[in-house]
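Inspection log for the structure reproduced underneath, given as structure tokens.
Each reported figure results from applying straightforward, stated rules to the coordinates on display, with no laboratory input. Remember, predicted model here, so these are calculated numbers, not experimental data. Here the Cβ positions follow ideal geometry from the backbone for every residue, glycine too, while neighbour counts run over all protein chains shown.
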Amino acid sequence: MLLGFAALPAAARPKSILDDEQFRTELRQGLDRLYDMDYDGANAAFVEIDKRYPDHPVGPFLRSLHPWWEILVDPDDDVHDDAFLGSMSEVIKRCDRRLRRDPQDLDGMFFKAGALAFRGRLYTDRKSWLRAALDGRKALQLLEEVRKQDPENPDLLLGIGLFDYLADVAPHQYPVLKPFTRFFPQGSRQRGLAEIAQAVEKGHFVQAEAAFCLVQINYIFERDFATSLHYARWLRDRYPDNAVFHVYEGRALAQLNLWPDEHQDLLDVLTRQSEGKPGYRGDVIQQALYVLGRDDVRWRQFGEAVPVLSRLEGLPTRSSADQEYKAYGRLYRAMALDALGRRDEAVYWYNRALSARPPSQVRDKARDYLRSPYPG
């Protein structure tokens, strides 16, 4: 969430909406509610801001955050894409009007950069690589222009750090992105990590977003699960009702083999789903069920694993990732049934695991255990 120009006193830097103390207060309150998944409270705060600044890009930018977090909860569901993209288009239109009047308008450049960066992120998730690259390049150019005007602003370090990190790391992780590296200056993994960490430490309005970036980066790319857990807990301390932060905490605990904490954490995720808590649905629940069921088997809690993996099987299959979760879930379910002495049921689920072009690891293990039962 690239928001904030509060690093310098208002007299020392170009005028921005964040010179308004009432705006700052309402923004912090709205963001805190958003990150804690109190969408009604967040939207109420954002509507008041939009009413006060009807021509400013901040209004539609803030309105986009609710659908954005709905997307983060369940990335395979595109039902919120149109609302999000519509708000981003309105942000860009309002920014362009300001920039036609004044090409150096600070808020016009800043919010346009934010809108392009967020839109590019969604295009990346939807594998629209060229659109993502074009938006990313424009966003980075605008952020650099903003930094020239406001060089001491720590909130800018989030966006700049992300570009630095991903320009270096992403092409190696995803070869399909290599043709697009020509759109960007050379990145630096270490510099990017340091810049994002500074945004967490010194930022005014981007701390939570920067911390979440470090949760994901350290989990997905760096495989540094202790650091991922550190930032997940930092976020959970501040936003205990955020389902995405919650399940990442459980996943990091699992990677660190901290079984009792992981078990309790993921059971709590499922309890909150049954209570209808906002955000506890979709991909969050799929991840929780899969990790909990898998590790119930690994820790020989076979009786607990079977109903958990049964719930995983009951979730809809919408993507190749869902299919992979299902394949592994069927394998672990069969293994648990084998260990419980329920061989006929186990054979059924081994065959189900083999029925849908599973990953090679699933295929090999299922065939092995069809020949000789999993001993437990």
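Against the chain, whose longest principal axis is taken from its Cα atoms, helix 106-125 shows a tilt of about 20°.
Computed from Cα positions, the angle between helix 129-149 and the longest principal axis of the chain comes to roughly 40 degrees. Over all other residues within a Cβ to Cβ distance under 9 Å of Y123, the charged ones net out to +3, with Lys and Arg as +1 and Asp and Glu as -1. On full extension, the segment bounded by R97 and D55 gains 14.2 nm, given 0.36 nm per residue less the C-alpha separation.
Is the range 19-151 rounded, prolate or oblate when judged by the Cα gyration tensor, a ≥ b ≥ c being the square roots of its eigenvalues, rounded requiring a/c under 1.5 and prolate requiring a/b larger than b/c? Please report the intermediate quantities before stating the final value.
On the way: a/c = 1.83, a/b = 1.03, b/c = 1.77.
Note, shape of the range 19-151 comes out oblate.
Taking 23 Å as the straight-line reach from the Cα of K277, none of the lysines fall in range once those fewer than 8 positions away in the same chain are excluded. Between D81 and D268, the simple label model (points 7 Å from Cα in the Cβ direction) yields a spacing of 3.5 nm.
Dipole check for the chain: with +1 at the C-beta of Lys and Arg, -1 at the C-beta of Asp and Glu, and the Cα centre as origin, the magnitude is about 1260 Debye.
Placing a pseudo-label 7 Å from each Cα along the Cα-to-Cβ vector at E48 and L256 gives an inter-label distance of 3.8 nm.
Run the numbers for Y174 and Q104: contour at 0.36 nm per residue of separation, minus the present Cα-Cα distance, in nm.
Fully extending the segment from Y174 to Q104 adds 21.6 nm.
Checking the Cα-Cα distances for K15/K93; K51/K93; K148/K202; K15/K112; K51/K138 against a 24 Å cut-off, the pairs over it are K51/K138. Amide H contacts for D155 (H built 1.01 Å from N in the peptide plane; partners 5 or more residues away or on another chain; cut-off under 5 Å): H204.
Could you tell me which of rounded, prolate or oblate describes the range 281-371, using a ≥ b ≥ c as the square roots of the eigenvalues of the alpha-carbon gyration tensor, with rounded for a/c under 1.5 and, failing that, prolate when a/b is larger than b/c and oblate otherwise? Since a/c reaches 1.5 but b/c is at least a/b, the shape of the range 281-371 is classed as oblate. Relative contact order of the range 19-151: 16 percent, from C-alpha pairs under 8 Å at least 6 residues apart in sequence. The magnitude of the dipole of the range 223-353, with charges of +1 and -1 set on the Cβ of Lys/Arg and Asp/Glu and taken from the Cα centre, is near 260 debye. For L340, neighbours were defined as the other residues whose beta-carbon sits under 13 Å from its Cβ, and their charges (Lys and Arg +1, Asp and Glu -1) total -1.
Which of V291, S320, P307 sits closest to the plus end of the dipole of the range 281-371, meaning its Cα is farthest towards the positive end, when Lys and Arg get +1 and Asp and Glu get -1 on the C-beta? The listed residue farthest towards the positive side: S320. Ranking A208, A226, G120 by Cα position along the charge dipole of the chain, where only Lys, Arg, Asp and Glu carry charges on their C-beta atoms, puts G120 farthest toward the positive end. Relative to the Cα centre, the charge distribution of the range 39-175, modelled as +1 at Lys and Arg Cβ and -1 at Asp and Glu Cβ, gives a dipole magnitude of about 620 debye. Taking the C-alpha atoms only, the angle from helix 81-101 to the longest principal axis of the chain is near 20 degrees. Charge tally for A83 (other residues, Cβ to Cβ under 10 Å; Lys, Arg +1; Asp, Glu -1): -2.
For the pair the range 304-331 and the range 72-106, the centres of their Cα atoms are 36 angstrom apart.
Contact order for the chain, expressed relative to its length and based on alpha carbon pairs under 8 Å spaced 6+ residues apart, stands at 12 percent. Placing R0 at 56 angstrom, the Cβ-Cβ distance between Q323 and R28 gives a FRET efficiency of 0.85 after rounding to 0.05.
Per DSSP helix of 4 or more residues, -39500 (n - 2.57); summed, then divided by the residues of the chain. What does that give at 222 nm, rounded to the nearest 500? That comes out to -23000 deg cm²/dmol.
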